[in-house]
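Worksheet for the structure shown next.
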Amino acid sequence: MATIAATAPTPRMNPSQNVGVWTPAYTLWLREIVRFYRQKARVVGVIASPLLFWFVLGSGFAHSFHGGGAGSDQYLGYFFPGAVVMIVLFTAIFSMMSLIQDRNEGFLLSVLAAPVSRSAIVLGKVLGGATLAAIQGIVFLVFTPLIGVHPTPAAIAISIAAIVMISFELTALGFAIAWPMDSPQAFHAIVNLILLPLWMLSGALFPASGASGWLRILMRLNPLTYGVDALRNALFPGQPTEFSLAINLVVTVAFCALTFAASWAIVNRRTNKPAA
């Protein structure tokens, strides 16, 4: 009997069994949150850099800017939504840079080898980065009294919704860019080539109505323009903007879906290759 018991096979988990999507996605999300707030210098830098940039650049252009949008008397007012999106962009960039670090340290390899859906990896990492970016952007709203804006509860709700969607789309876009990358240097090069121009041509620095013809076309083709404009719609409801709030929200939601679908497709395309 002892021999039979000793030789009896021990039950093992089938590697093909899937543990679901939400539990591993939540685990990856929580890991992103904890890791971020353990790095105090990173927390301070994400808010301090855009705040300094907003104040210095806004003060410098305060008497020379004559845009027709919100805060036309002061560039600080016009630039405020752009500064919020800058915080979101920086946080999304740093969060997705950790994807490269996870690959180099072997953590990503262990996750890919686990019986976990690839959709859970995308969802957990994107939601983690988007949560951090949204929190940083929402915190920046406390500076609205400095530009003479006292938003209503409805305006605050719309602003938060716009920031959350912008955070999600930029994080998903950063994920799609970072996933094939093997080095932070390559990721930085793509960021300087794509993400920063995307922000600069979103109406964050100057309105599309005052730009030259070809630049105005690029700005209106830029999906981030509609997110920035939605935030401006919420904070300055009495001022004319490039597009209506409904159009801005519809385009922003569509871009969120597009970037997440691109991230999901890239992960599955790279992991579903047949073995050599």
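Arranged from highest to lowest average of other beta-carbon atoms within 10 Å per residue, in what order do the peptides 225-232, 210-217 appear? Walk me through the numbers on the way to the answer.
Numbers: 225-232: 27.9, 210-217: 11.6.
The peptides rank, most packed first, as 225-232, 210-217.
Given a Förster distance of 25 angstrom, what is the FRET efficiency for residue 220 paired with residue 139, based on the Cβ-Cβ distance and rounded to 0.05?
Values: r = 30 Å, r/R0 = 1.20.
According to the calculation, E is roughly 0.25.
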Cβ-based net charge around residue 82, under 12 Å, with every Lys or Arg adding one and every Asp or Glu removing one: 0
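Suppose R0 equals 30 Å; then what is the FRET efficiency for residue 250 and residue 30 from their Cβ-Cβ distance, rounded to the nearest 0.05? Could the numbers behind the result be given before it?
Values: r = 32 Å, r/R0 = 1.06.
Efficiency at R0 = 30 Å is approximately 0.40.
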For Cα pairs less than 8 Å apart in space and 6+ apart in sequence, what is the mean separation divided by the residue count of the range 182-262, i.e. the relative contact order in percent? 24 percent
Is the C-alpha gyration tensor of the range 21-270 telling us rounded, prolate or oblate? Criteria: a/c under 1.5 is rounded; beyond that, a/b larger than b/c is prolate, otherwise oblate. prolate
Sort 150, 188 so the one with the fewest other Cβ atoms within 10 Å of its own Cβ comes first. 150, 188
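Would you kindly state how much longer the chain becomes between residue 258 and residue 37 on full extension, computed as 0.36 nm times their sequence separation minus their alpha carbon distance, in nm to one decimal? Mind dumping the intermediate values first?
Details: separation 221, 0.36 × 221 = 79.56 nm, distance 2.92 nm.
Here the segment from residue 258 to residue 37 would lengthen by 76.6 nm.
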Classify the range 195-276 as rounded, prolate or oblate from the Cα gyration tensor: take a ≥ b ≥ c as the square roots of its eigenvalues, call it rounded if a/c is under 1.5, otherwise prolate when a/b beats b/c and oblate if not. prolate
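Laboratory data are not the source of any read-out in this text; all were calculated from the coordinates shown. If you're wondering where the values come from, they're calculated on a predicted model, not measured in any experiment. Every residue, glycine among them, receives a Cβ derived from its backbone with ideal geometry; neighbour counts consider all protein chains shown.
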